[in-house]
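Some notes on the structure that comes next.
Nothing in this text is a laboratory measurement; each read-out follows from the coordinates by a stated rule. This structure is a prediction, so every number in the text was calculated from the model and none was measured. Here Cβ is always computed from backbone atoms with ideal geometry, including for glycine, and neighbour counts include all displayed protein chains.
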Amino acid sequence: MKKPIPTPLRAVLAGLALAMLAAAPAAAQQADAVLRDFQPTGDYLLEVAGQDAPAAEIYQSDRVPAFLIVTAALPSPTLLLPREGSVQTVSIMKLAKRGSGSVDILADAELSPVGRFRLEGEEVLFAVDGRQVKLKPRPYLLGSQSVGAMLDYSPEYRRRAGAYRPDSTALAALDGHAQPVRVLVYFGSWCSFCKQYVPLLLKVAEELEGSRVAFEFYGLPRTGFNDDPRAQRDDVHAVPTGIVFVGGREAGRIEGAEWQRPEQALRRIVSG
């Protein structure tokens, strides 16, 4: 009888397989036309057989849509297809991890159906190889958060921040500002607009580290955030909202379309 591979060894083999795929020539890695461009997501946590799997890599594709789970706690990478409600597995050797951190399923991959999933509230439940699996939402970021805590919370934040190129002229003006500036950002880690644009300001904050411009991020709950005492005090009714204080007084707010280039909005407010 074939002996099962011990979990620690499986984890090593899985890591080696992904490393080999990432290093393989692109010509040998033709991606599937649909099951491709899976991006790391920090929105979910994985539980297998009642135990958290903190090292699990969870990816999401907007093309299908679909979720891809890679973890040593399961025998093979697992694919969830919400439109079909199906659960399928794929050989780890049929995944291509790109330099950007995204993952493609290769065109010649064979998917093996293992069942269907069910929903219980916001949790996704299914079974693989006799193991009960639960995909559950990550707890929201609430209260005061540093730049580092924000980037550590979600690979999406880190990826979007890393890809953003702020306006160098605006950065130089902010870096040389004589008065202390404080930027207080109200956001929701559950908010799709925040996920897209708050990381841009995280990049700006990294670029201005050591300057007189300080940043604080304050997470609000998904429901009833208008009842948050601090949000009430600052008259915040939508997220993201960036309140800019110059010399201790509110000088303006970053709202709406201004989030597309937050460093330019910040420079305009600071310049009066």
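Considering only alpha-carbon pairs that sit under 8 angstrom and 6 or more positions apart, the relative contact order computed for the stretch 64-145 is 19 percent. Our summary gives the chain a relative contact order of 15 percent, counting only alpha carbon pairs under 8 angstrom and 6 or more residues apart. Of the GluC sites (Glu not before Pro) found in the stretch 32-127, those that fall in a DSSP loop while having at most 13 other beta-carbon atoms within 10 Å are 84, 110, 122.
Taking the square roots of five times each eigenvalue of the Cα gyration tensor of the stretch 65-217, the equivalent ellipsoid has semi-axes of 40, 18, 11 Å, listed largest first. Converting phi to 3J(HN,Hα) with the Karplus coefficients 6.51, -1.76 and 1.60 and the offset θ = phi - 60°, the stretch 158-168 yields 5, 5, 5, 5, x, 7, 7, 10, x, 5, 5 Hz in sequence order, with x at every glycine or proline.
Taking H as built 1.01 Å from N, whose amide H comes closer than 5 Å to the amide H of residue 213, not counting residues under 5 places away? Placed amide hydrogens put 181 under 5 Å from residue 213. Restriction of the GluC sites (Glu not before Pro) in the stretch 193-235 to DSSP coil positions whose beta-carbon has at most 13 other beta-carbons within 10 angstrom yields 209.
Contact order, relative form, for the stretch 114-203: 25 percent (alpha carbon pairs under 8 Å, 6 or more residues apart, mean separation divided by residue count).
Rounded to the nearest 500, the 222 nm mean residue ellipticity of the chain from helices alone is -8000 deg cm²/dmol, with -39,500 (n - 2.57) taken per DSSP H run of at least 4 residues.
Around residue 138, under 15 Å between beta carbons, what's the net of Lys plus Arg minus Asp minus Glu among the other residues? Numbers along the way, then the final one.
Numbers: positive: 134, 136, 158, 195, 222; negative: 43, 47, 52, 57, 122, 123, 152, 156.
Taking every Cβ under 15 Å from that of residue 138, the sum is -3.
For the stretch 143-271, the Kirkwood estimate of hydrodynamic radius, built from reciprocal distances between every pair of different alpha carbons, is 14.6 Å.
Coupling constants for the stretch 212-227 follow from the phi torsions by the Karplus curve (6.51 cos²θ - 1.76 cosθ + 1.60, θ = phi - 60°), and in residue order they are 8, 9, 10, 10, 9, 10, 10, x, 10, x, 5, 10, x, 5, 5, 8 Hz; glycine and proline get x.
The residue list 139, 187, 198 was ranked by how far each Cα lies along the charge dipole of the chain toward its positive end, using unit charges on Cβ atoms, and 139 comes out on top.
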